[in-house]
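Read-outs throughout are calculated quantities, based only on the coordinates presented, and are distinct from any laboratory measurement. Remember, predicted model here, so these are calculated numbers, not experimental data. Don't worry about glycine lacking a Cβ; one is built from the backbone with ideal geometry, like all the others, and counts go over all protein chains shown.
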Amino acid sequence: MANLTLKQQDLLSQNIDQAHSTIMFLLDHFEENDHEFKFTGEITHNQLWLVQTLLENAQKAMRGGE
């Protein structure tokens, strides 16, 4: 892992926190709706795409912004 500036560490932490929050939102929704997603496919897809993007950003930051 690269040596990260405080700003990079903060951005990395924000991306991971946002990804975690989005996953928890989806899991909570799933649990509250009898283990079904009541969203349209587009909303679920967008939420998963968001998590993927946030985690990719975090990985890039850990590598020093490649």
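Search region 1-17 for residues being of a type outside the set (A, V, I, L, M, F, W, C) and under 8 Å from the mean Cα position of the chain (by Cα), and hand back the single one that is surrounded by the fewest Cβ atoms within 10 Å (Cβ to Cβ).
ASP17
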If I filter region 32-53 down to residues being polar (S, T, N, Q) and closer than 30 Å to GLY64 by Cα, which single residue comes out as surrounded by the fewest Cβ atoms within 10 Å (Cβ to Cβ)? GLN52
Residues HIS20, HIS29: which one is free of Cβ contacts under 8 Å to residues at least 40 places away in the same chain, out of contact with any Ser or Thr (no Cβ under 8 Å at 6 or more places or on another chain), surrounded by 15 or more Cβ atoms within 10 Å (Cβ to Cβ) and in a helix (DSSP H, G or I)? HIS29
How many residues of region 32-66 are within 20 Å of LEU11 (Cα to Cα), among the hydrophobic types (A, V, I, L, M, F, W, C) and either without any contact (Cβ under 8 Å) to a residue 24 or more places away in the chain or out of contact with any helix residue (DSSP H, G or I) (no Cβ under 8 Å at 6 or more places or on another chain) (or both)? The answer is 2
